[in-house]
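Colleague: This structure is in structure tokens; I'll ask about it shortly.
Bear in mind these aren't lab numbers, they're just calculated from the coordinates by the rules spelled out. What you see is a predicted model, and the numbers here were worked out from it, not measured in a lab. Please note: Cβ atoms are built from the backbone with ideal geometry, for glycine as well, and neighbour counts cover all protein chains shown.
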Amino acid sequence: MTLRLGRHSFTDERSLMMAIVNRTPDSFFDKGATWDEDKAVARVAEVVAQGAEIVDIGGIKAAPGVEITEAEEKARVVDFVAHVRATHPTLAISVDTWRASVGDAVCAAGADILNDAWGGADPELVDVAAAHDAAIVCTHTGGVTPRTRPYRIEYDDVVRSAITDTVAYAERAVAAGVRPDSVVIDPAHDFGKNTFHSLEITRRLGEMVDTGWPVLVSLSNKDFVGETLDLPVGERLVGTLAATAVCALAGARIYRVHQVPETRQTVDMARAFAATR
């Protein structure tokens, strides 16, 4: 189906690159490389030139750390979203937040997508998306508290849990007034999962695709790649691209990434093998 992300629409033959732009001083991969606003602006221009259809702007790192208030999160992202909206009118803007008040502010500033990486921790986020005619990404985290690491977490079947929870979240979003063609589901690799779980999700991603909801994957330099290959954060690109190819063959629609050109080539090649490109 045609995917509608706020003011932008994408036909179903297109795989979309969602480039990560962190407005944090302590992000796990870039270590604050785009904390300075000028560098964040340059990063957006770079990924747009590389062909990214979406940027995903985040004001809080996912890992445990210093508490960031709602006011501080807004200060990091709202004005920046407004600047990106004015500078790149054809770009789809996503904001990585689980807080409804932040979602409301960024949508008012021009965001198209609310990327809820914490699985509906704030139940009012769907109402904000509906009020602004925005898209929403519904993730699976196994019910863990935002910004906590999984500890001895267990599933009878992690894929079945991911499908059950994300589809229920998607249906709740539609019931709140979000357009069905503006809802995306995400198994959320590493969030509420250990490496075994993330590998199983990757291996069986086609089962999530078969639900009919567009699937987003966020694989880029994740811990499950590093633990599988015993590699630090800066050396995980090849492993990331291997996981990306598997997800592309399974039919994932959106790829949240640090490295846009490499991911695009991997996805295009995989889709050529699958005869979907």
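Colleague: Taking each pair of distinct Cα atoms in region 97-170 once, what is the resulting Kirkwood hydrodynamic radius in Å?
Modeller: The answer is 12.9 Å.
Colleague: At a Cα cut-off below 18 Å, give the lysines reachable from Lys31, other chains included and same-chain residues fewer than 8 away excluded.
Modeller: Lys39, Lys61, Lys222
Colleague: Computed over the Cα atoms of region 1-44, what is the convex hull's projected area averaged over all directions, in nm²?
Modeller: Averaging across all directions leaves 4.1 nm² for the Cα convex hull.
Colleague: Neighbouring Cβ atoms within 10 Å as the yardstick, rank Phe28, Phe224, Phe10, Phe273 fewest first.
Modeller: Phe273, Phe28, Phe10, Phe224
Colleague: If you don't mind, another one. How about region 115-198: which GluC sites (Glu not before Pro) there lie in a loop by DSSP and see at most 15 other Cβ atoms within 10 Å?
Modeller: Glu124, Glu154
Colleague: Now for a separate question. Starting from the coordinates of the alpha-carbon atoms of region 224-276, obtain the Kirkwood hydrodynamic radius over all distinct pairs and give the value in Å to one decimal.
Modeller: 11.4 Å
Colleague: Here is a further query. Please report the orientation-averaged projected area of region 117-239, defined via the convex hull of its C-alpha atoms, in nm².
Modeller: The number I arrive at for region 117-239 is 7.8 nm².
Colleague: For each of Asp186, Asp157, count neighbouring Cβ atoms within 10 Å of the residue's Cβ, then give the residues from fewest to most.
Modeller: Taking fewest neighbouring Cβ atoms as first place, the list is Asp157, Asp186.
Colleague: Show me, for region 236-246, the HN-Hα J-couplings you get by feeding each phi into the Karplus relation (A = 6.51, B = -1.76, C = 1.60, θ = phi - 60°), rounded to Hz, glycine and proline as x.
Modeller: For region 236-246, the Karplus curve yields 10, 4, 4, x, 4, 5, 5, 5, 4, 4, 4 Hz.
Colleague: Test of understanding: ordering Met17, Met208, Met1 by Cβ neighbours within 10 Å, fewest first, what list do you get?
Modeller: Taking fewest neighbouring Cβ atoms as first place, the list is Met1, Met17, Met208.
Colleague: Give me the Å³ per residue figure for the convex hull around the C-alpha atoms of region 1-138.
Modeller: Normalising the Cα hull of region 1-138 by residue number yields 105 Å³.
Colleague: Using only the Cα atoms of region 143-200, construct the convex hull and provide its projected area averaged over every direction, in square nanometres to one decimal.
Modeller: Convex hull of Cα atoms, orientation-averaged projection: 4.5 nm².
Colleague: Given region 1-75, report the % of alpha carbon pairs whose separation exceeds 16 Å.
Modeller: When all Cα pairs of region 1-75 are counted, 58 percent exceed 16 Å.
Colleague: Taking amide hydrogens as modeled 1.01 Å from N in the peptide plane, which residues meet the under 5 Å criterion relative to Leu16, leaving out close sequence neighbours?
Modeller: Ile254, Tyr255
Colleague: What ratio of Cα Rg to 2.2 N^0.38 Å holds for the chain?
Modeller: 0.91
Colleague: Continuing with this model, one more query. As a check on your grasp of the helix formula, calculate [θ] at 222 nm for the chain: sum -39500 (n - 2.57) over DSSP H runs of n ≥ 4, divide by the residue count, round to the nearest 500.
Modeller: -13000 deg cm²/dmol
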